[in-house]
Structure formats: C-alpha cells, structure tokens
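The values are calculated or read from the model by the stated rules, or taken from the named source; none is laboratory data. None of these values were measured; they are calculated from a predicted model. Cβ coordinates were reconstructed from backbone atoms using ideal geometry, including for glycine residues, and neighbour counts include every protein chain displayed. For accessibility, only protein heavy atoms count, side chains too; no ligands or nucleic acids. Shrake-Rupley method; radii C 1.70, N 1.55, O 1.52, S 1.80 Å.
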2 protein chains.
Amino acid sequence: MRVLGVDPGLTRCGLGVIDSLPSRRATMVAVGVLRTDKNSSVDVRLGELAEQFDQWLDDYRPDVVAVERVFARHDVSTIMGTAQASGLAIGLAARRGIPVGMHTPSEMKAAITGSGRADKAQVTAMVTRILKLDAPPKPADAADALALAICHLWRGAAVGSSTPGAAKDLPDRLGLRREGSGLTRAQQQWAQALKQTRK
Amino acid sequence: MRVLGVDPGLTRCGLGVIDSLPSRRATMVAVGVLRTDKNSSVDVRLGELAEQFDQWLDDYRPDVVAVERVFARHDVSTIMGTAQASGLAIGLAARRGIPVGMHTPSEMKAAITGSGRADKAQVTAMVTRILKLDAPPKPADAADALALAICHLWRGAAVGSSTPGAAKDLPDRLGLRREGSGLTRAQQQWAQALKQTRK
C-alpha cells in the first residue's frame, strides 16, 4: 500500500510518500514541500497548490492520502489558510477515488513516538528510524508529512480509525491489487460510491 | 463581464451567475445550490463538491469568481467545513486562470442594500429587484451567491477592492473580449502570472 501524507499549509505544504512493507515496516518513496509566495493573493496561491498537488498524485499514484486534521487554534489567520489548503488537497484526492484519512497531530505523535506530546525532534528521529533513512528527512518540514503517512498505515489497520467511513472498506484497502483501470479494487468501489451519492 | 458568486459550504454551497449590462445593471444567467450528504465522510463530500463546481466552471465560463470571505465564528466545526469548501472552489477557479475576488458578508450586504447589517430578506429583496426577477431567486440559499456576484461587479470597479492584486488588472477585466483560447485577455495574463510564480 502506498500512502501520501500531507501536512497542509498555504505557505508550506509538506508531502511524503511511503510504501508499506511486511511486518509493519515501510520505505520512503518521496518527500518534499510545496511552497507558495506569501506576497501573492490567496487565489493565486491556492491555484498553484492545486497544480502542484495534482502533479504529485499523477507522479506517485497513492492508494490512500493521509491529511493532518485541522483544528482551530489561536492564530485564526493562519488556520484559515491551512483549512483552505487541506480542503483543496482532500477534494483533489477524493475526486480521483483515492480514500483520505485524517489524523490529529497528537494521534500522529502517539502513533510514531508513543506520546501524543512528543516534540518535532522526537517525531523526526522516529521517522528517520522507522523508514531506515541515512539522515533525517529533508526538508525538515516534511518529516510531519511522512509521520502522518506512517501513522495512517498503523492506525488505519486499528479499530477506531479517526476517519468515519474509511474503516468500512479497510479489508479491501489492505488487499490491494491494481486492476485494469489502474485503480485498486478499493479505489474502484470508492469511485462508485462517489458516483452513487452524486445522483 | 460574467461573474460566478459562491457562498461556500460543505452541506450547501450556493452558486449564482450574472452577466453585467451597461449602467451598473446585471442579468441573472443561472442559480443553484450544490449539496452533499451530511452522512458521507468529509473527503467524499469535498470530492463531490470539486466535481460539481468544475462542472459549473465548464458550463458557464465565468470571467471572475466572487467568494464569500470566511471568518472564524463561534461554531468551529462548521467554519472548518466552510473554509475547506472555499479553499477548494478558489483553487479550482484560480488554476484555470480565473481571478477570484473575496468579500465579507457585511461588504456584500452594504453593497447590495446600503447597510452592512441587512438581514437575509432584505438581501433577497434587493437581489430580486436588481436582477429584475419575477420572483425571489430559488433556492433561497442561493440569493447570497447572486448578491456576492453583484457586490463584486460593483465593488470590483471601486477603489479599495478587498482583493489585493485583483484591482491591478481591472482595466483589462473591464475590457473583456474572448480571444483564440476562449480566455479573456485578463484571464490570459492571469494564467501567465500564475505560470511565472510557479517557476
């Protein structure tokens, strides 16, 4: 199973792709950060993000996308941009029939380090170890995206996924085989469900 | 000039298309509401919104999109869905090279009724009058989307547009002629600027 982790943001949007291996292991496929210019208007920045994010979906064809669940925090101006970027990424993935899982920062930290209050350094260190990287992932910002992808891989298989609905097709998602259309069976079912609700 | 007004929302997303006429008049082209099922997961709902919104862009080819500017309010759970839906709509329009203007609810109310505190009935009544409709627009929810489109038409030409950057290309946007590519000159310039920033 290939997971694309997304740490959403308007100025910096972290992305990390991993492939699952047997026995809860995983390997890194790609890591990066989408950036947009703070001096551009919000619409131009979201348009750029859309283009760049779709390019990653084209290039890496993930089976599932894991996005950090956004909560309201103190800095309202930042949170709106983050929510808008996350909505865009989620919508672009879902329209392709790719299931999207959402995890809070503390769920991610707990899954990766054992503690929901771990700091950035701990998360980066564990990501480096789990993915058997020679050095911490660069750019540093993208470590969270990789951590989200790992978190989804581990939490996704557990009871109590934070994604309502996503758990339903889990057996299908775990038995992944690419078929004629280039979509996995789970993706085809997802796409079909999407079509159904659209009627 | 054709304006698509968007009142963003995850459960109900109001859309209204108007064409400008000489002497600050305008005519309604289309009005509707995109709906998604509250029982579906957020990713499926955003995927559906993406599909439906792109269809409106295909069908009506607006020169500009006007979106309600989202602020944090008390109900955080609602505001996140609204922000995500607005981010998606803005990103999908901008990637096509369509400029997006944003207006707050009180800017819209002031532009339409003369008072930033007007209620829904007043806005609907004024929209009906301005667009010379035989009856209030249906569905009622979409009156706000039409009002946003009218607001953009009027405020857009005024000094102090709430959209940084959008005012710069206003002379071009007002001298609209469709050219070879089906894009207006302003849209072509916008698309080019988007490309530039991407490099």
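Give the Rg (one decimal place) followed by the Dmax (whole number) of the stretch A:1-127, computed from C-alpha coordinates and expressed in Å.
14.7, 46
Shielding by partners for A:78-85, please: the mean number of other protein chain Cβ atoms within 10 Å of each residue's Cβ.
6
Interface A/B, total buried accessible area with a 1.4 Å probe, nearest 100 Å²?
The A and B chains share an interface burying roughly 2900 Å².
Can you compute the FRET efficiency between B:Asp134 and B:Trp154 using 1/(1 + (r/R0)^6), with r the Cβ-Cβ distance and R0 = 25 Å? Round to the nearest 0.05.
Plugging the Cβ-Cβ distance into 1/(1 + (r/R0)^6) gives 0.65.
Over the heavy atoms of B:Ser23, what accessible area does a 1.4 Å probe trace out, to the nearest 10 Å²?
Approximately 100 Å² for this residue.
If packing is taken as the average number of other Cβ atoms within 10 Å across a peptide's residues, how do A:42-50, A:146-154 rank, most packed first?
A:146-154, A:42-50
Label-point separation (nm) for B:Ser115 and B:Ser23, each offset 7 Å from Cα along Cα-to-Cβ?
Distance between label points: 2.8 nm.
Across peptide B:30-40, what mean number of C-beta atoms from other chains lies inside 10 Å of a residue's C-beta?
Per residue, the average neighbour count from other chains is 1.
Which pairs in the list A:Lys38/A:Lys138; B:Lys109/B:Lys132; A:Lys38/A:Lys120; A:Lys38/A:Lys132; A:Lys38/B:Lys38 are over 26 Å apart, alpha-carbon to alpha-carbon?
Over 26 Å Cα-Cα: A:Lys38/A:Lys132; A:Lys38/B:Lys38.
Compute the distance from the alpha-carbon center of the stretch B:1-63 to that of the stretch B:95-123, in whole Å.
15 Å
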